[in-house]
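Engineer: Could you have a look at this structure, given as structure tokens, before my questions?
The numbers here are math on the coordinates, done by the rules we state, and not lab data. It should be emphasised that the depicted structure is a prediction, and the values quoted were computed from it without experimental measurement. For neighbour counting, all protein chains shown are included, and Cβ atoms are generated from backbone atoms with ideal geometry for every residue, glycine included.
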Amino acid sequence: MTSARMLFLGIFFIGIIVVISYMDNESQEYFETVSPLSLDSGEIEASSSEESIEMSLKNVLITTERINGFDVEVYEEYEVYTNEDGEVIDRVATGHYQTLRYKASANE
């Protein structure tokens, strides 16, 4: 009876490992499709009849606070339009915010 129990436990644990490996693979594929947090997103070029206008997304730091031992930074996303010479033509808030929270250092 002990060998039958050991065989059952062995098959049971192998089944658990297979299920966990499958679930881990599925979550890994999901995270590979999600883009990482970036403070400077890619640039998009728009064409105009008179000059080339380039649009890029920038995250601007709005506020920094210390809450319950954590430093919390709030960033707002802006569309920044520049011309060929790199001069900023327009800056438009998108209304998207990102919050970054990290453990405050003991020195501060």
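Engineer: Between THR64 and ASN83, how many nm apart are label points set 7 Å from Cα along the C-beta direction?
Structural biologist: 3.5
Engineer: If you don't mind, another one. Given a Förster distance of 22 Å, report the FRET efficiency between MET55 and GLU76 from their Cβ-Cβ distance, rounded to the nearest 0.05.
Structural biologist: FRET efficiency, MET55 to GLU76: 0.85.
Engineer: Using a 7 Å offset from the Cα along the Cα-to-Cβ direction at both THR99 and VAL19, what is the distance between the two label points in nm, to one decimal?
Structural biologist: Those two pseudo-labels are separated by 3.5 nm.
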